[in-house]
Amino acid sequence: MTMTNKIIFSGIQPTGQLTLGNYLGALKNWNKIQDDGKCIYSIADQHAITVFQDPKSLKNATLELSAGIIASGIDTNKHILFNQSGNPNHSELGWYFNCIARMGWLNRMTQFKEKSGKNSEKSSVGLFTYPNLQSADILAYHATHVPVGEDQKQHLELCRDIAQKFNHDYGVDFFPIIEPIINEQGGRIMSLKDSNKKMSKSDPSDNSRINLTDSKELIVKKFKKATSDAHLLPSSKKELEGRPEASNLISIYALLQDKTVESVLKEIGGLGWGDFKNKLADVAVEKISPISDEINRLMKDKGEIENILNKGVIKSREISQPIIDKTKQIIGFI
């Protein structure tokens, strides 16, 4: 059932090549929810600079990420795709939320602890406060829904807390309480070399991931080299327990085809790893190669991407500006 009253916001950082994990965990789902409401997709370049980024690399990564989103099937005529830094309303509202959020709330954010490690005092202030900016990203559009993975649930809860506190402090019913869109299957795709680590564009080993720009030959090669175990493929979920390598590769195979893990287990149960990896590579090539081809085409004409982003910036400001103006009025600014 189409629900056109939904305003759906989602963002992704341009910090390296897009991977199969990005596609299955985010972009594929963005494509699916396009008919559920008005979608606003942000290239979160301001979030990216919470750690230093080489300027040339950041610009290229922004364009390549945009190309990947477009190539994955997002309709930029119906929905908005823009770079976050193009709309200053995000950072302005982010400051207001710095004054609403409490230090204790941010101190509980597990992602800051993970990213800052033992040297948290050397981390940028932006890395500590970026959940407030993330809340501004969402609430600047009065978004009603946000697709979230497991690692973003805590930040969405913070966004709800900020909205509720703002409304309470100023005696208004202005910012909406956001609802999550939780993908029941496939939020976390793991490394092809170490099933205990998430597939990441920052992993030093290129063989740990499938990049959306990989050639057909490279996709096949990487899956053939993917870490497996010493047993035949299982036929049931119970047999899959305690086999993280098998679980990861079977999940990828299922997600690429929009199948359940249970149906895949019935299909591949008892196969050897060689046969299964061939099937997996064939499916991946079929699904990913058209996206790779489109990314490569778009990156040869970056003006087309920049034009789409510029139009998205204008559309994003048209929505967010009245909300920022009303926010300032509520606060008491002249």
>> Based on Cα coordinates alone, diagonalise the gyration tensor for the range 160-222, multiply each eigenvalue by 5, take square roots, and list the semi-axes in whole Å, largest first.
In response: 43, 12, 11
> Over 31 Å between Cα atoms, which of LYS224/LYS311; LYS197/LYS287; LYS32/LYS216 qualify?
Replying inline: LYS224/LYS311
> Which stretch or stretches of the range 75-116 have amide N atoms under 16 Å from the point lying 7 Å from LYS328's Cα along the Cα→Cβ direction?
Replying inline: 87-97
>> Bin width 10 Å, origin at 0, all Cα-Cα pairs of the chain: what percent of pairs per bin?
In response: 5, 24, 32, 24, 12, 3, 0, 0
> Which whole-number percent gives the relative contact order of the range 206-297, counting Cα pairs below 8 Å spaced six or more residues apart?
Replying inline: 41
> So how much slack lies between ASP275 and ASP301, counting 0.36 nm per residue of separation and subtracting their Cα-Cα distance, in nm?
Replying inline: 5.4 nm
> Can you list residues whose amide H is under 5 Å from GLU179's amide H, if they're 5+ apart or on another chain and H is modeled 1.01 Å from N?
Replying inline: HIS145, VAL146
> Do you know the relative contact order of the chain, to the nearest whole percent, from alpha carbon pairs under 8 angstrom that are 6+ apart?
Replying inline: 22
> Over the range 1-111, what is the mean sequence separation of C-alpha contacts under 8 Å (at least six apart), divided by residue count, expressed as relative contact order in percent?
Replying inline: 32
>> Can you sort VAL51, VAL125 from fewest to most other Cβ atoms within 10 Å of each residue's own Cβ?
In response: VAL125, VAL51
>> Between the range 171-249 and the range 70-106, how far is it from one alpha carbon centroid to the other, in angstrom?
In response: 27
> For the range 206-297, what log10 I(q)/I(0) values come out of the Debye formula at q = 0.24 1/Å, with one point per alpha carbon and no solvent?
Replying inline: -1.24
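Bear in mind these aren't lab numbers, they're just calculated from the coordinates by the rules spelled out. Only a predicted model underlies this, so the values are computations on that prediction, with no experimental measurement involved. Reconstructed Cβ throughout: ideal geometry from the backbone, glycine too, with neighbour counts over all protein chains shown.
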